[in-house]
1. Mind giving me the FRET efficiency for residue 211 and residue 77? R0 is 35 Å, r the Cβ-Cβ distance, nearest 0.05 is fine.
2. For residue 244 and residue 169, what is the calculated FRET efficiency with R₀ set at 22 Å and r taken between the beta-carbons, to the nearest 0.05?
3. Run the numbers for residue 323 and residue 344: contour at 0.36 nm per residue of separation, minus the present Cα-Cα distance, in nm.
4. May I ask you to compute the full-extension gain from residue 194 to residue 397, defined as 0.36 nm times their residue separation minus their alpha-carbon distance, rounded to one decimal in nm?
5. Computed on alpha carbon atoms, what radius of gyration and Dmax characterise the range 307-414, expressed in Å?
6. Residue 55 to residue 412: extension gain in nm, 0.36 nm per residue of separation minus the Cα-Cα distance?
7. If R0 is 51 Å, what FRET efficiency do you get for residue 146 and residue 114 from their C-beta distance, rounded to 0.05?
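Every number in this text was worked out from the coordinates using simple rules, so none of it is lab data. The structure presented is a predicted model; accordingly, all values stated were derived computationally and were not measured. Don't worry about glycine lacking a Cβ; one is built from the backbone with ideal geometry, like all the others, and counts go over all protein chains shown.
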């Protein structure tokens, strides 16, 4: 009888702890059954562990689309192939990023050689520039969040500066000097080597690997450098360059965004119902007599009897995450305190839930989780020799509730 009461109290305590965990998990979300996995990206809450940095390397073509004489030239004569570009940037969340883009090449321009406008002179405008850009991923903004999405469509705008280095005509080279035309040895009031630049464009990004994307970009850059062959005779307008480039984007070490999934309040209510039911049963058992004459005595425990391993505590994780949340740190500290005071060895086993991810991915995820707990214990004073780790991925599920298997379980035996 006493054993039944003790077992019932233990069940009540365990369910109470699970209920408290569920409530703390769901406190950050609205009280609704649906999870944020079904919401648009801009309505989803993400772990903010930092920005996701990347480097772009691209090449392509540039041309000057405006200018009366330019339109008289053959199209392929106007296109300059090469156009190297280097970008360094970061995605601050899945749908907003910034980038510094550096570039430099040659843009061909044409001017009429005479008043009859029959013959054309071809100029090469050598330039360099930089733009700071703001990128908006429309797919991640409007569609539900998906870390391994294959296609992204991102408009961008930016501001920066261009510098006209030199101008060529045939085999003649001349520096771009304000107020003077070195090619023809005469004053030229409209030459302005340095100019503020504005740009806008679109980027299409295709995922090749977790760390490599294929980029295709089209953009226009407007500045006031007075490239030869871009404007009318008075050089009153802006220089506009049209660029089409392609290349690779390399995702560097940094945060991979993970979604914060709200707790299923149906689960919370179910746990509360179980707790209340067990409390009622416990109240009934407490009314029974303390002794039970008709019950046989329990057999004495002899040496060599197999004992059940003690369950220290659990450390739960969010979906697709190996980061220990603040509300789980008390469990880590409790494990650390027990191991330090008792001198016992703690056995950590990591798991992942079976309903998300592949078996191989979940195995790696459970390894990262158990290593996170191991490092946290060591930071809290536990000797590394007192920690034994293992990980089982989703091959074993210690709990019937799927979400509770995103866990590291600490025990005193393997």
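1. For residue 211 and residue 77, the calculated efficiency is 0.30.
2. The pair residue 244/residue 169 has a calculated efficiency of 0.30.
3. So the chain would gain 5.0 nm between residue 323 and residue 344.
4. 66.6 nm
5. Every Cα atom of the range 307-414 included, Rg and Dmax give 13.0, 40 Å.
6. 123.8 nm
7. That gives a FRET efficiency of 0.25.
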